[in-house]
Amino acid sequence: MDGRRPLPEDLVVDILLRLPVESLLRFKCVCKHWYALIKSPSFIEKHFHHKNNCARLLVCNLKVAREVDAIIRSVVFSLLPEEIVPGVTPEQKTLLQLPRVADFTCVAGPVDGLFLVQKKFYGDDVCLGLWNPATREFRPLPPAPFEIEYFFSDHDHQFGLGFDLLTQDYKVVWIRVFWDEPGQGVYPRVYACVYSSCNNSWKHLTSEFPSSSTLSAPLDATYLNGVYYWLSRGLDEIYTIRSFDMGSEQFREMQVPDIPSEHWGTLTLRGNSLALLTGDPGKPMTSIYDVWVLKQEGIWSKVLTVQPHIDAHWPRNIWDNDKMVFEITETSQLVLYDPTTRQVTDLGFQLDLNIAGCWVFNYKESLAPIKRRNETQGEVEQIEHFFYTIPMDEDLKDLEYKIL
């Protein structure tokens with residue numbers, strides 16, 4: 001009413017797209033139009049892929065301390081800056097700190113800025129939850145309905161988090177391998193379920209995985225264009241890639257480059273491409289790594305060979321295309337190695353490698369919602385509540401295995 005003309009709509013949108021999630025969450029309160037705009041799927045997608053929203057290193061550091069009658073765990077999620085100056089230890093921003101948490105086991109992701117977290121629950125069973133660190137939204141997943149024989153023991157499991165492009169639905173695929181104890185492991189069984197965030201429910205899948213194959217957890221969530229990928233290794237020591245299509249909910253298999261059987265391998269992402277990192281880690285000064293990128297299905301191209309001149313180590317991830325993150329075995333440090341300059345930068349983390357663990361992710365913050373459309377904010381839990389609350393008895397009944 002003061003005679004000033006409002007800014008053009010496209011200019012307003014362009015300005016908002018450049019802002020961090022923390023600011024946008026506050027600006028939803030400015031007016032109804034901004035609230036609807038910031039919550040719209042098109043704005044959320046454009047913001048996530050905007051050039052100002054750069055990938056940063058996010059480190060989950062799990063530490064263990066022994067007390068008189070217990071082993072106490074603590075978990076810290078730390079975010080590093082967009083630019084890391086060579087030779088200068090970067091400042092860390094703590095996103096989440098969970099002191100004295102007893103049942104945290106692992107974290108996987110991210111996909112569109114979302115993580116899947118896991119905690120131990122009453123023996124060998126586990127509980128899962130979806131978490132957006134930027135918006136602080138969290139959703140515990142309901143128990144998966146695995147129907148197993150009572151004498152089966154849990155041998156291995158892997159997760160895949162992805163997005164169904166057709167239904168606009170975040171999904172979690174969970175693969176579990178059980179051993180037949182009376183048969184002394186002669187008859188391993190593979191089970192799979194998929195979770196839909198829209199329906200907040202699980203359903204059984206036909207796994208189609210050979211029980212003799214072992215799936216390896218990738219360094220980053222290897223989800224691309226509706227498909228999730230794992231590296232698989234059979235008893236013949238031959239590597240293959242197995243994938244899950246979030247839309248058709250079907251498993252597939254794909255070949256990899258020739259990898260020597262004695263070499264280690266893992267999957268990650270390099271930019272917007274699926275990447276395979278292979279090598280002989282652990283050797284001081286002499287380990288050699290190859291980075292392969294998938295050009296199209298079945299066609300791989302070697303884009304990088306690295307021989308880091310550092311002490312005994314283990315690779316943790318690739319960042320900014322070609323820089324590599326290593327943990328140094330002797331000193332329990334986390335370092336960033338630039339193969340072009342051969343510069344080693346201490347990232348400022350003291351790891352607990354003997355008992356606990358460390359995860360290093362390429363992370364971009366996101367406005368992606370976790371709650372369903374008809375769900376109120378009060379129904380969405382906080383991640384702290386998930387790890388520090390003991391379920392009531394009625395919840396335990398829902399988690400009991402059905403005996404065939």
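The values are calculated or read from the model by the stated rules, or taken from the named source; none is laboratory data. Just so we're clear, the structure is a prediction, and the values are computed from it rather than from any experiment. Quick reminder, even Gly has a Cβ in these numbers, built from the backbone with ideal geometry, and neighbours come from all protein chains shown. Please note that ligands, DNA and RNA were not included when accessible areas were found on the heavy atoms of the full protein model with its side chains. Shrake-Rupley method; radii C 1.70, N 1.55, O 1.52, S 1.80 Å.
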Expected output for segment 248-275 (first residue farther than 27 Å from Phe48 by Cβ, partner open to solvent by 60 Å² or more (accessible area, probe 1.4 Å) and part of a loop (DSSP other than H, G, I, E, B), Cβ below 6 Å, 6+ apart or cross-chain) is Phe251/Glu208; Ser261/Glu237
Q) Is there a residue in segment 29-37 that is under 16 Å from Ala134 (Cα atoms) and surrounded by 15 or more Cβ atoms within 10 Å (Cβ to Cβ)? A) no
The residue from Ser216, Ser232, Ser248 that alone is open to solvent by less than 30 Å² (accessible area, probe 1.4 Å) and not hydrophobic (A, V, I, L, M, F, W, C) is Ser232
A careful count of residues in segment 251-274 that are in a loop (DSSP other than H, G, I, E, B) and of a type in the set (A, V, I, L, M, F, W, C) gives 2
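In segment 283-310, what residues are among the charged types (D, E, K, R) and surrounded by fewer than 16 Cβ atoms within 10 Å (Cβ to Cβ)?
Quick first cut of segment 283-310, residues among the charged types (D, E, K, R) only: 283, 290, 295, 297, 302.
If the condition is that a residue be among the charged types (D, E, K, R) and surrounded by fewer than 16 Cβ atoms within 10 Å (Cβ to Cβ), then Lys283, Lys295, Glu297, Lys302 are the ones that fit.
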### Query
Among the residues of segment 143-151, is any open to solvent by less than 20 Å² (accessible area, probe 1.4 Å), modelled with pLDDT of 90 or more and among the aromatic types (Phe, Trp, Tyr)?
no
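The rows are residues; the columns are (1) modelled with pLDDT of 90 or more; (2) under 20 Å from the mean Cα position of the chain (by Cα); (3) within 30 Å of Thr340 (Cβ to Cβ).
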{"position": "Lys32", "(1), (2), (3)": "yes, no, no"}
{"position": "Ala36", "(1), (2), (3)": "yes, no, no"}
{"position": "Asn52", "(1), (2), (3)": "yes, no, yes"}
{"position": "Arg56", "(1), (2), (3)": "yes, yes, yes"}
{"position": "Leu79", "(1), (2), (3)": "yes, yes, yes"}
{"position": "Pro99", "(1), (2), (3)": "no, no, no"}
Restricting segment 263-282 to residues that are open to solvent by 30 Å² or more (accessible area, probe 1.4 Å) and closer than 17 Å to Ala221 by Cα, the one nearest to the chain's Cα centre (by Cα) turns out to be Leu269
Condition first: over 19 Å from Ala134 (Cβ atoms) and open to solvent by 30 Å² or more (accessible area, probe 1.4 Å). Can you find one or more residues in segment 41-56 that meet it? no
Across segment 61-120, the tally of residues that are buried (at least 17 other Cβ atoms within 10 Å of the Cβ), among the small types (Gly, Ala, Ser) and farther than 30 Å from Asp169 by Cα stands at 1
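Restricting attention to segment 281-292, which residues are in contact with a Phe, Trp or Tyr (Cβ under 7 Å, 6 or more places away or on another chain) and more than 20 Å from Thr331 (Cβ to Cβ)?
Narrowing segment 281-292 to residues in contact with a Phe, Trp or Tyr (Cβ under 7 Å, 6 or more places away or on another chain): 281-282, 292.
Scanning segment 281-292 gives a single hit, Trp292.
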Taking Arg316, is it of a type outside the set (Val, Ile, Thr) and surrounded by fewer than 20 Cβ atoms within 10 Å (Cβ to Cβ)? no
Checked segment 124-142 for anything modelled with pLDDT under 90 and either in contact with a Pro (Cβ under 9 Å, 6 or more places away or on another chain) or open to solvent by less than 30 Å² (accessible area, probe 1.4 Å) (or both); matches are Asp125, Val126, Cys127
